[in-house]
Every structure is written in structure tokens, then in C-alpha cells.
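The next block holds one structure in the form of C-alpha cells; read it before the comments.
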Amino acid sequence: MIYVGNLVNTHGIKGEVKIKSNIKHKELVFKKNNQLYIDQEVLTINSYRVHKLYDMITFKEINDINDVLKYKGKKVYIDKKELNSEVLFDDDYIGLEVYSDRFIGTIFEIMNNGSQDLFVIKNNSKTYFIPNVSEFVKSIDLENKKIYINEIKGLIDENWCINFISRNVW
């Protein structure tokens with residue numbers, strides 16, 4: 001299951017809902033007839049549109065605001081098998097081990113800094129941030145749960161934080 005977003009509110013009286021979602025490839029996820037999962041229930045998308053910052057959805061099974069109120073504030077998921085696509089989503093990266101010529105750590109989270117996604121990599125008490133761009137990501141091996149990166153000088157510098165703090169006044 002892939003986390004899609006949160007159902008934050010209703011819209012209108014006919015059961016349309018607002019979903020706050022940062023998921024990539026919305027054109028694959030929010031297609032008519034795709035099934036979304038909310039609280040162990042399966043709902044089929046009838047229509048999709050974007051309104052301001054929200055993804056607006058109606059479901060085939062729901063025609064009234066009173067029927068969707070119970071889903072308000074709930075998390076929304078989709079089964080990846082339903083998408084029939086080889087596209088990678090953020091959830092696909094979580095747990096992958098990162099290597100250059102050595103083991104760097106394991107991807108714990110994906111963050112977006114405004115320009116690109118960053119892999120948040122943890123190794124014991126250390127945390128590293130590596131941009132998910134072709135200059136750094138050499139290859140992805142989903143079968144063996146590994147990512148290989150090009151490690152340039154300063155990307156993973158054990159003393160970077162100490163050097164940065166000593167040069168800057170907080």
C-alpha cells in the first residue's frame with residue numbers, strides 16, 4: 001500500500017472530498033475507477049479535479065455529504081498493484097541501503113527542499129542528505145534493496161558539521 005494523503009474535508013453536499021496529497025504521479029493515482037483505501041474500506045474514484053491546494057475526488061459509492069463525514073481526517077492509500085506502472089514512488093525508496101564504494105546508510109525518509117527530493121539516510125547516530133538527482137544516484141537495484149551513488153567530495157563529510165559550526169556564529 002502507498003500512502004496517498006489525508007482526507008481533510010468535504011466539499012459541497014454531494015460527497016466530494018478534499019485530499020491533501022504530495023504524492024508524485026497523480027495522473028496515475030487519481031484515475032477514474034482506481035480504488036482508494038480509507039479505514040479498511042475500498043472506495044472507487046468517480047471523478048478527479050484540482051482545486052487550489054487540494055485534490056478533489058468523488059467516489060462511485062458515495063453521493064451525499066453525510067456518507068463521507070466519517071472519513072474526515074483519515075489517511076488515504078492505494079494498492080501499488082492497481083497502478084500497473086513501473087514508476088517509483090517515495091515509499092519504494094524507504095528502507096533501501098545506500099552505497100558508494102562503502103556502505104553509507106539506509107534511506108529513512110524522503111524530503112523535498114523545494115528544488116528536488118532529498119534522501120534522508122541514517123547510519124547509527126549519523127544522518128546524511130543526498131539529492132535524488134542523476135548526478136548523485138548512479139543506479140537503483142530494487143530487487144536487492146540497494147542504491148548506488150556517486151560520492152563527490154563533501155557530500156558525506158564526517159567533519160562537515162563541526163567545520164560549518166566553527167566558521168559560523170549562531
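Modelled this way, with points 7 Å down the Cα-to-C-beta line, the labels at LEU83 and LEU142 are 0.8 nm from one another. Can you give the longest stretch of the chain with no exposed loop site, where a site means trypsin sites (Lys or Arg not before Pro) in a DSSP loop (not H, G, I, E or B) with at most 11 other C-beta atoms within 10 Å? Result for the longest clean stretch: 103-152. Put simply, the amide H of ASP117, placed in the peptide plane, has neighbours under 5 Å in ASN132, leaving out anything fewer than 5 places away on its chain. Extension gain, ASN33 to LYS20, is 2.7 nm, computed as 0.36 nm per intervening residue step minus the present C-alpha separation.
Annotation: amide H of LYS146 within the under-5 Å range of GLU97, ASP141, sequence separation 5 or more or interchain, hydrogens built in the peptide plane. Expressed per residue, the C-alpha convex hull volume of the stretch 1-42 stands at 95 Å³.
Expressed as a fraction of 2.2 N^0.38 Å, the value expected for a compact globular protein of N residues, the C-alpha radius of gyration of the chain is 1.30. Between amide H atoms placed 1.01 Å from N, distances below 5 Å from ILE104 occur with VAL98, TYR99, all of them 5 or more places distant or on a separate chain. Springs between alpha-carbon pairs under 10 angstrom, Gaussian network model over the chain: which of VAL68, VAL76, VAL87 fluctuates most? It is VAL87. On full extension, the segment bounded by MET1 and VAL42 gains 13.5 nm, given 0.36 nm per residue less the C-alpha separation. The phi-based Karplus calculation (6.51 cos²θ - 1.76 cosθ + 1.60; θ = phi - 60°) puts the 3J(HN,Hα) values of the stretch 2-8 at 10, 5, 9, x, 10, 7, 8 Hz, whole numbers, x for Gly and Pro. Here's the list of lysines a cross-link from LYS31 could span, going by alpha-carbon distance under 22 Å and ignoring same-chain residues fewer than 8 apart: LYS14, LYS18, LYS20, LYS52, LYS60, LYS72, LYS74, LYS75, LYS80, LYS81. Rounded to whole numbers, the Karplus 3J(HN,Hα) couplings from phi for the stretch 17-30 are 10, 9, 10, 9, 9, 10, 5, 7, 6, 4, 5, 8, 6, 9 Hz, using 6.51 cos²θ - 1.76 cosθ + 1.60 with θ = phi - 60°, and x at Gly and Pro. Summary: within the chain, the longest segment free of GluC sites (Glu not before Pro) located in DSSP loops with at most 13 other C-beta atoms within 10 Å is 1-60.
A short reminder: the numbers here are calculations on the coordinates, not readings from a lab. This one's a predicted model, so the numbers in the text were calculated from it and none came from an experiment. Positions of Cβ are generated from backbone atoms using ideal geometry, with glycine treated the same way; all protein chains shown enter the neighbour counts.
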